[in-house]
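Novice: Below is the structure I would like to discuss, written out as structure tokens.
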Amino acid sequence: MQITDKTAVSIHYTLTNQDGEQLDSSRGEEPLLYLHGAGNIIAGLEAALNGKQAGDKFNVTIAADQAYGEVSEEMIQVVSKKMFDGMDIDIGMQFHADVSHGPGIITIVEIDGDDVTIDGNHPLAGEDLTFDVEVIDVRPATADEVAHGHIHGSGCHH
């Protein structure tokens, strides 16, 4: 069976950045299980998986604009240290918060006295990403899975 919209797809992957540094991998763990066509994975990887089938292995580089987007200067701002209500903060700390496009990660990138520069871009924004992928399984998604927009059961990532 080929990967098309409304299929439940199980893959193993290794993700590397432009320098060849490994950022993430499912190998040695449960494969990633997702609903194809529902936007559950980055657009560029989903497009690269179209038409593939169980047993296929491939390597693909996804441009930043089809991965986590380009860096948006609008997502970087200076706020008062008072916003952190006495917390002991440091550069590189990350927090979950609502950003312009919904829930996201905020990273502290600079602290200058009472001014704290935060970045609401995804940590991998602006990066071209390379995926080494193996398609493990493809099956039709159930009506419930399609209605809910994600796969149910063991290995699901929703």
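Novice: Would you tally the residues in the stretch 2-15 being within 15 Å of residue 142 (Cβ to Cβ) and in contact with an Asp or Glu (Cβ under 9 Å, 6 or more places away or on another chain)?
Specialist: Number of matching residues: 4.
Novice: Answer with yes or no whether residue 24 is within 14 Å of the chain's Cα centre (by Cα), under 22 Å from residue 127 (Cα atoms), open to solvent by 50 Å² or more (accessible area, probe 1.4 Å) and assigned by the TED database to the domain that holds residue 139.
Specialist: On the way: within 14 Å of the chain's Cα centre (by Cα): yes; under 22 Å from residue 127 (Cα atoms): yes; open to solvent by 50 Å² or more (accessible area, probe 1.4 Å): yes; assigned by the TED database to the domain that holds residue 139: yes.
Yes; evaluated as a whole, the condition is true for this residue.
Novice: Now a separate question. Restricting the first residue to the stretch 117-143 and requiring it to be within 25 Å of residue 107 (Cα to Cα) and open to solvent by 50 Å² or more (accessible area, probe 1.4 Å), which pairs with a second residue that is part of a loop (DSSP other than H, G, I, E, B) and among the hydroxyl-bearing types (Ser, Thr, Tyr) meet a Cβ separation below 7 Å and a spacing of at least six or different chains?
Specialist: What qualifies is 122/68.
Novice: Same structure again: Among the listed residues 63, 97, identify the single one that is within 30 Å of residue 5 (Cα to Cα) and of a type outside the set (D, E, K, R).
Specialist: None of the other options fit; the residue is 63.
Novice: Report yes if residue 35 is buried (at least 18 other Cβ atoms within 10 Å of the Cβ), of a type in the set (A, V, I, L, M), touching a residue at least 24 places away in the same chain (Cβ under 8 Å) and in contact with a Lys or Arg (Cβ under 9 Å, 6 or more places away or on another chain), otherwise no.
Specialist: So residue 35 fits the description; yes.
Novice: Being open to solvent by 60 Å² or more (accessible area, probe 1.4 Å), of a type outside the set (A, V, I, L, M, F, W, C) and either closer than 22 Å to residue 33 by Cα or at pLDDT below 95 (or both) is true for just one of 98, 65, 112, 56. Which residue is that?
Specialist: 98
Novice: Taking residue 107 as the residue in question, decide whether it is among the polar types (S, T, N, Q) and touching a residue at least 40 places away in the same chain (Cβ under 8 Å).
Specialist: No, not satisfied.
The values are calculated or read from the model by the stated rules, or taken from the named source; none is laboratory data. What you see is a predicted model, and the numbers here were worked out from it, not measured in a lab. With ideal geometry, Cβ positions are generated from the backbone for all residues, glycine too; neighbour counts draw on all protein chains shown. Areas reflect the complete protein model, heavy atoms only, side chains present, ligands, DNA and RNA absent. Shrake-Rupley method; radii C 1.70, N 1.55, O 1.52, S 1.80 Å.
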